[in-house]
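Student: Please see the structure below; I have some questions.
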Amino acid sequence: PTAHIGVTGLAVMGSNLARNFARHGHTVAVHNRTTARTKALVDEHGHEGAFVPAETAEEFVAALQKPRRIIVMVKAGEATDAVIDEFAPLLDEGDMIVDGGNAHFLDTRRREKALREKGIHFVGTGISGGEEGALNGPAIMPGGSVESYKALGPLLESIAAKAPDGSPCCTHIGPDAAGHFVKMVHNGIEYADMQLIAEAYDLLRRVAGHSPARIAEIFRSWNTGRLDSYLIEITAEVLAHTDAATGAPFVDIVADEAEQKGTGRWTVQSALDLGVPVSGIAEAVFARSVSGHRDLRRAASALPGPRREALSPAEAEEFAARVEAALYASKVVSYAQGWNMIGAASAEYGWDIDLGAVSAIWRGGCIIRAAFLDRIRAAFAADPQLPTLLADEDFADEVGTAQDAWRSVVSTAVAHGVPTPGFSAALAYYDALRADRLPAALTQGQRDFFGAHTYRRTDRAGSFHTLWSGDRDEEQTG
Ligand code: NBP
């Protein structure tokens, strides 16, 4: 056998990954259920490197050097199980099946356990960067065993994106489903980032009265500062684009109903299970959902809103700077929440994830790549036990400085009737974390009143219940 690695599932992602391996000098066995795709890949791109096309699973497995490394890039869900069922009986102990699809991490846990019992390494791997990334360098988040990473790491690192300091955007995240979990949270953070950017655009358009072309310029200028990131860069591109058919700004001819494939929803569902507040991600998922409810929006379209004039040109310029501060502070909160979620899952599942290393590999290749991620890496390097990014001295300073602008932007948004669920939820989280006392004390009182759920006191240990329907004496219950 000659192939160092194999890729099965040759739609856009699998083909591009296979080409990326071949271009880096690896011999790649390629296979797809429908053989026409395998042939098309080799016909069109065979000159880019060494491919070994295989028509059958048996041929494919026979082409691979041991221990075999098989990357599965099929549609996530039943197709993944079908492929595992087809290949696992053909493999030997120590071989590796790498699932590069967007699997739910609980499916990955199930598959990993089942294959581990057969001596096969199942490596759930998050791959970010879309088709372009798959071809030219994605961020790669492999889970699975340490042993499997020894055999896979060098190959994966060779095709991964490189961070600005030259290090590969690939690291062993942790056992079993740690890689797919982290990829899921990456996508959740991506949802939150996109929502915050959308709110900033909406405010600049509807409150400040700027044109899309002018807002594109504003985003371009933000992209030279602390918000420097791929998403800000493409936002400017999209806003500057003109629709060829109508001559209108492109953003004005696109239907305003955002779709979703489900990883944002998964992130929020898992966060609820873990008990971690990720309000930034949740608001982003709900905002997409609201946009898609055409019926509800039509039914409510006649409801009154505030009467407000757009800002004067001088006010509008000044407002843009405040929106930048609000966007930045909200982004810090959203990342703080995302990292807390990864930390919570790591503790729950015993993954021992290095939070700084996750930031480091997201500096390149993936959709949320940004200069900012190096700051997060540095924050965890300074304190690996950092309880929240908001406790890092530098982030705390910046968010503290931004807070006046942040508050005024949220108030202005409310006064003008422009919804900013992301900015508002982030600010509420910030204020909740820094509060001396939360009204949760009252909530506990209510719970004790109607359900005898008991409460703890601030001045004494133990749990207590007040006899609400009797003489309201307090009894100690534990
Ligand atoms: P798709 O998600 O569209 O899947 C198409 C591939 O799955 C084809 O190779 C198809 O084979 C194969 N397949 C199916 Br469908 N059912 C199968 C079965 N029962 N047995 C064997 N093969 C089967 O491809 P994609 O967009 O390239 O994405 C691949 C994976 O990568 C997905 O899990 C996706 O979530 C993930 N991902 C995608 C992106 C992106 O930007 N698109 C980014 C990151 C991750 P056929 O040719 O015979 O029909």
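Computed from the coordinates by the stated procedures, all read-outs in this text should not be read as laboratory data. Quick caveat: nothing in here was measured; it's all calculated off a predicted structure. Ideal geometry is used to build each Cβ from the backbone, glycine not excepted, and the neighbour counts take in all protein chains shown.
Student: Run the numbers for Ala347 and Ala36: contour at 0.36 nm per residue of separation, minus the present Cα-Cα distance, in nm.
Tutor: Value of the extension gain: 107.4 nm.
Student: Give, rounded to the nearest 20 debye, the magnitude of the charge dipole that segment 149-217 has about its Cα centre when Lys and Arg contribute +1 at Cβ and Asp and Glu contribute -1 at Cβ.
Tutor: 100
Student: Any chance you could run the full-extension gain for Asp228 through Glu132? It's 0.36 nm times the residue separation minus the Cα-Cα distance, nm to one decimal.
Tutor: 32.6 nm
Student: Please list, by residue number, every one of the trypsin sites (Lys or Arg not before Pro) in segment 35-119 that is coil in DSSP and has at most 15 other beta-carbon atoms within 10 Å.
Tutor: Here the trypsin sites (Lys or Arg not before Pro) that fit, given the DSSP loop and packing criteria, are Lys75, Lys118.
Student: Where in segment 277-319 does the amide nitrogen come within less than 18 Å of the point 7 Å from the Cα of Ala415, taken along Cα to Cβ?
Tutor: It comes to 305-319, nothing else.
Student: Have a look at Val28, Ala57, Pro154 and report the one farthest towards the positive end of the charge dipole of segment 4-157, computed about the Cα centre with Cβ charges (Lys/Arg +1, Asp/Glu -1).
Tutor: Positive-end residue among those listed: Pro154.
Student: Whole Å is fine, so just give me how far the alpha carbon centre of segment 445-462 lies from that of segment 207-272.
Tutor: When both Cα centres are located, 47 Å separates them.
Student: Here's something else I'd like to know. Using 5 Å bins from zero, what percent of all Cα-Cα pairs in segment 52-119 falls into each bin?
Tutor: 4, 16, 30, 27, 17, 6, 1
Student: R0 = 35 Å: FRET efficiency of Asp85 with His47, Cβ-based, nearest 0.05?
Tutor: Plugging the Cβ-Cβ distance into 1/(1 + (r/R0)^6) gives 0.50.
Student: Hey, what angle do you get for helix 230-240 against the long axis of the chain, alpha-carbon based, 0 to 90 degrees rounded to 10?
Tutor: 80
Student: Say R0 is 51 Å: what FRET efficiency, to the nearest 0.05, do Leu272 and Thr242 get from their beta-carbon distance?
Tutor: Step by step, r from the Cβ atoms, then E = 0.75.
Student: While we're on this one: Subtract the Cα-Cα distance of Thr443 and Gln385 from 0.36 nm times their separation in residues, and report this length gain in nm to one decimal.
Tutor: Contour length minus Cα-Cα distance gives 17.8 nm.
Student: Cβ under 10 Å from Pro421's Cβ, Pro421 left aside: what net charge do those residues give with Lys, Arg +1 and Asp, Glu -1?
Tutor: -2
Student: Still on this structure: Check each of the trypsin sites (Lys or Arg not before Pro) in segment 186-278 and keep only those in coil by DSSP with at most 14 other C-beta atoms within 10 angstrom; list them in order.
Tutor: Within segment 186-278, the qualifying trypsin sites (Lys or Arg not before Pro) (loop, at most 14 other Cβ atoms within 10 Å) are Lys261.
Student: If you take the charge dipole of the chain about its Cα centre, with +1 on Lys and Arg Cβ and -1 on Asp and Glu Cβ, which of Ala413, Asn136, Tyr349 is farthest toward its positive end?
Tutor: Ala413
Student: Moving to a separate point now. So which of Lys66/Lys261; Lys162/Lys261; Lys39/Lys113; Lys75/Lys162; Lys113/Lys331; Lys39/Lys66 end up more than 32 Å apart, counting from Cα to Cα?
Tutor: Lys66/Lys261; Lys39/Lys113; Lys113/Lys331
Student: Quickly work out the Glu259-to-Ser289 label distance, labels modelled 7 Å from Cα along the C-beta direction, and quote it in nm with one decimal.
Tutor: According to this spin-label approximation, the distance is 1.9 nm.
Student: Amide H to amide H under 5 Å from Val30: which residues, 5+ apart in sequence or cross-chain, H placed 1.01 Å off N in plane?
Tutor: Val7, Val52, Ala54
Student: Once you place label points 7 Å from the Cα toward the Cβ at Arg116 and Val12, how far apart are they in nm?
Tutor: 3.5
Student: Exposed loop GluC sites (Glu not before Pro) only (DSSP loop, at most 16 other Cβ atoms within 10 Å): please give the longest stretch of the chain free of them, not including the sites.
Tutor: The segment 310-478 is the longest one with no such site.
Student: At 222 nm, what helix-only mean residue ellipticity would the chain give, in deg cm²/dmol to the nearest 500, using -39500 (n - 2.57) for each DSSP H run of four or more?
Tutor: Only helices count here, giving -17500 deg cm²/dmol.
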